[in-house]
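Novice: Pasting a structure here, questions to come.
The values are calculated or read from the model by the stated rules, or taken from the named source; none is laboratory data. Nothing here was measured: the structure is a model prediction, and the numbers come from that model. Positions of Cβ are backbone-derived with ideal geometry, glycine not excepted, and every protein chain shown enters the neighbour counts. Note: areas computed on protein heavy atoms with side chains; ligands, DNA, RNA excluded. Shrake-Rupley method; radii C 1.70, N 1.55, O 1.52, S 1.80 Å.
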Amino acid sequence: MKYLITVVGIVFAFAKAYSQGPPITADKPIMLGGGSFTMKTLTEIRNTERGTIVYTPVMLHYLPTNNILLALHIPYTSYNLSDVDGSGLADIKIMGKYQFYRKDGTGKTFRMVAKTLLTLPTGDEIDVMDISTGKYAGYYGVVAGLETLKYGISGEIGYNEMPNGTLDEFRAKLGFGLPLLKPQYPNKQLNLYFEYNSVWLHERDWYQLLYSQGVQYALKNITFDLAVQLPLVQEIDADRALNYSVFLGTRYTF
């Protein structure tokens, strides 16, 4: 119950925040036109009490239609942890999204998508959430978002199931932001982002509420991202606690 109260509190506290453009650490239901491709990467430098992990995925997103997205994430990771160190291929991920609801208005749109993310056990079994577990997992969720010419708000809720592990989790995300430039053509944007990630691993009785502050610069069909993520609440084993994460990313749409 306290986790639900925390998430609902954030929604009301920031309901008047403004944003635009693709989030950095969160997700959104807005899709580009059918037949488009996006190549992207979002490197995460994660510093924890256990050590440091660097995660660099190469991601290809393809839209066969304007309401279906298919994606393949091939990641490389290096890690220097208190009990193990190494580098190599992390867990490969395959994502699918289907937009099942869309309502457009003057200068605004509200959309919802169903999302699945399959994690393949290609990485080492180093027990690092979302990076390298060496175990199969399946995530199933819903993403909703409202976007206007002045702001955008996105939210996600879902469940990640790991049949042969103990990293099953309830996941909720919220993303807000502030555009610093007026809409213009060709596309040129400078956006601030305020993003929250709530994770409850019930099998381990762990809970984290993380906050990300990000900035994004977009020019035509290229986007550059920078964000810093910090813990707001951590009920987790002390030797596994997050100190901070830094995200550096770029994306190119064609």
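Novice: Considering only residues that are among the aliphatic types (A, V, I, L, M), open to solvent by less than 30 Å² (accessible area, probe 1.4 Å) and modelled with pLDDT under 50, which ones fall in the stretch 3-41?
Specialist: 10, 17
Novice: Okay, moving on. Among (1) open to solvent by 60 Å² or more (accessible area, probe 1.4 Å); (2) more than 17 Å from the chain's Cα centre (by Cα); (3) not hydrophobic (A, V, I, L, M, F, W, C), where does residue 213 come up short?
Specialist: For residue 213, the exception is condition (2).
Novice: Somewhere in the stretch 48-56, is a residue within 22 Å of residue 156 (Cα to Cα) and either under 14 Å from the mean Cα position of the chain (by Cα) or not in a strand (DSSP E or B) (or both)?
Specialist: Scanning the stretch 48-56, I find no residue that is within 22 Å of residue 156 (Cα to Cα) and either under 14 Å from the mean Cα position of the chain (by Cα) or not in a strand (DSSP E or B) (or both), so the answer is no.
Novice: Sticking with this structure for a sec: Would you say residue 145 is in contact with a Gly (Cβ under 8 Å, 6 or more places away or on another chain), buried (at least 16 other Cβ atoms within 10 Å of the Cβ), over 25 Å from residue 51 (Cα atoms) and touching a residue at least 12 places away in the same chain (Cβ under 8 Å)?
Specialist: So residue 145 passes the test.
Novice: On to the next question. When you scan the stretch 42-62, how many residues do you find that are over 19 Å from residue 250 (Cα atoms) and buried (at least 18 other Cβ atoms within 10 Å of the Cβ)?
Specialist: Total meeting the criteria: 3.
Novice: Being touching a residue at least 60 places away in the same chain (Cβ under 8 Å), surrounded by 13 or more Cβ atoms within 10 Å (Cβ to Cβ) and under 27 Å from residue 46 (Cβ atoms) narrows it down to one of 93, 97, so name that one.
Specialist: 97
Novice: All but one of (1) of a type outside the set (Gly, Ala, Ser); (2) crowded, with 17+ Cβ neighbours inside 10 Å; (3) touching a Lys or Arg at 6+ places or on another chain (Cβ under 8 Å); (4) in a strand (DSSP E or B) hold for residue 167, so report the exception by its number.
Specialist: (4)
Novice: Checking the conditions here, which among 236, 222, 157 is aliphatic (A, V, I, L, M), surrounded by 16 or more Cβ atoms within 10 Å (Cβ to Cβ) and either more than 25 Å from residue 134 (Cα to Cα) or at pLDDT 95 or above (or both)?
Specialist: From the options 236, 222, 157, the qualifying one is 236.
Novice: Report yes if residue 155 is among the small types (Gly, Ala, Ser), within 16 Å of the chain's Cα centre (by Cα) and more than 23 Å from residue 77 (Cβ to Cβ), otherwise no.
Specialist: It is true that residue 155 is among the small types (Gly, Ala, Ser), within 16 Å of the chain's Cα centre (by Cα) and more than 23 Å from residue 77 (Cβ to Cβ).
Novice: For the stretch 100-139, which positions are hydroxyl-bearing (Ser, Thr, Tyr), crowded, with 18+ Cβ neighbours inside 10 Å and either farther than 21 Å from residue 51 by Cα or touching a helix residue (DSSP H, G or I) at 6+ places or on another chain (Cβ under 6 Å) (or both)?
Specialist: Of everything in the stretch 100-139, those that are hydroxyl-bearing (Ser, Thr, Tyr), crowded, with 18+ Cβ neighbours inside 10 Å and either farther than 21 Å from residue 51 by Cα or touching a helix residue (DSSP H, G or I) at 6+ places or on another chain (Cβ under 6 Å) (or both) turn out to be 119, 139.
Novice: Continuing with this model, one more query. Is it the case that some residue within the stretch 22-39 is assigned to a strand (DSSP E or B) and either farther than 19 Å from residue 249 by Cα or under 15 Å from the mean Cα position of the chain (by Cα) (or both)?
Specialist: no
Novice: Hey, another quick one. Would you pick out the residues in the stretch 68-90 that are open to solvent by less than 50 Å² (accessible area, probe 1.4 Å), assigned to a strand (DSSP E or B), of a type outside the set (Val, Ile, Thr) and closer than 25 Å to residue 158 by Cβ?
Specialist: 69, 71, 73, 75 - these are the residues of the stretch 68-90 that are open to solvent by less than 50 Å² (accessible area, probe 1.4 Å), assigned to a strand (DSSP E or B), of a type outside the set (Val, Ile, Thr) and closer than 25 Å to residue 158 by Cβ.
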